[in-house]
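Notes follow once the structure below has been shown.
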Amino acid sequence: AFDSDGFYRTGDIVRPGKDGNLQICGRIKALIVNREGKNIYPEEIERAIRRCPLVAEALVVGYRMSGEVGEHVGAIVVPNPEAVKSARPELTDPGEIARLVRREVQALCHDLLTEYKLPRKVEVRFVPLEHTSSMKVKRFLYARALDE
C-alpha cells in the first residue's frame, strides 16, 4: 500500500495547486486514455455537464470502438424532468426529450471543454444511476456500457 517514497497509495490523481496544496484531479481507475495517449479526467467533464440545468445526473466513461486503439469519451446522462418540463412543456416523447438533452449537453461541452475532451457519445437514460450508500455513482457498473 506504500510506495518506495513512503506515500500511501490511495488511487487518487493529484497535482500541486496554486496555493501549494495538493488538488485531487480524479481516480486512476476512472482515467480515460484516448488514442493519442492523452489523459482525460472524467470528473472534469462531469462537472461541465452538470452545469446544464436539464441534467440531473451525469457519468463520463471511456468506451472502445472495435478495431481501434485507445478510448473515446462518452457520457451517460439522466434528465431533470422538472427542468425539461419547465423549459419545453410541449415535449412529452422520451425520444424528443433525449434529443433535446443530448443537444444541450453537447453544446455546453463544446463551450467549456477542449476538443479532445468532448463526449463523442451522449446516452440519455431515464432511470437514475446506481449509487453506493455514500451516494457516489457505482462507476464500475457502467465501465463498458458504451462500447461498440
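The values are calculated or read from the model by the stated rules, or taken from the named source; none is laboratory data. Please read these numbers as outputs of a predicted model, since none were measured by experiment. We place every Cβ from the backbone using ideal geometry, glycine too, and count neighbours over all the protein chains shown. These area figures cover heavy atoms from the full protein model, side chains too; ligands, DNA and RNA do not enter into them. Shrake-Rupley method; radii C 1.70, N 1.55, O 1.52, S 1.80 Å.
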Specify the longest stretch of the chain that does not include any exposed loop site, a site being one of the chymotrypsin sites (Phe, Trp or Tyr not before Pro) with a non-H, G, I, E, B DSSP assignment and at most 11 other Cβ atoms within 10 Å.
8-125
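Residue separation times 0.36 nm, minus the C-alpha to C-alpha distance between Arg64 and Tyr8: what's the value? Before the final figure, lay out each step's value.
Working: separation 56, 0.36 × 56 = 20.16 nm, distance 3.15 nm.
That works out to 17.0 nm of additional length.
Can you compute the charge dipole magnitude of the range 18-148 about its Cα centre, using +1 on each Lys and Arg Cβ and -1 on each Asp and Glu Cβ, nothing else charged? Give it in debye, rounded to the nearest 20.
Values: 22 positive and 19 negative charges, 58 e Å.
So the magnitude is around 280 debye.
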If I build a Gaussian network model for the chain, linking alpha-carbon pairs within less than 10 angstrom, which residue out of Ile32, Ile97, Ile40 has the largest mean-square fluctuation?
Ile97
Based on DSSP H runs of at least 4 residues, each adding -39500 (n - 2.57), what is the mean residue ellipticity at 222 nm of the chain after dividing by all its residues, to the nearest 500 deg cm²/dmol?
-7000 deg cm²/dmol
Along principal axes, largest first, the alpha-carbon spread of the range 44-148 in whole Å comes out as 43, 34, 24
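Roughly what % of DSSP beta bridges within the chain run antiparallel, to the nearest 5? Don't skip to the answer; put the middle values down first.
Details: 17 of 22 bridges.
Once the DSSP bridges in the chain are tallied, antiparallel ones form about 75 percent.
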Which of Leu91, Leu118, Leu129 moves most in a GNM of the chain, Cα contacts under 10 Å?
Leu91
Heavy-atom accessible area of Asp5, protein chains in place, probe 1.4 angstrom, given in Å² to nearest 10, is 120
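In Å², and per residue, what accessible area does the range 18-148 have when probed at 1.4 Å with the other protein chains present? Display every interim value, and only then the final one.
Numbers: 7970 Å² over 131 residues.
With all protein chains present, the range 18-148 gives 61 Å² per residue.
Over the chain, what percent of the accessible surface lies on carbon and sulfur atoms, probe 1.4 Å? Don't jump to the answer; show the numbers that get you there.
Details: 4930 of 9460 Å².
Of all accessible area on the chain, carbon and sulfur atoms account for 52 percent.
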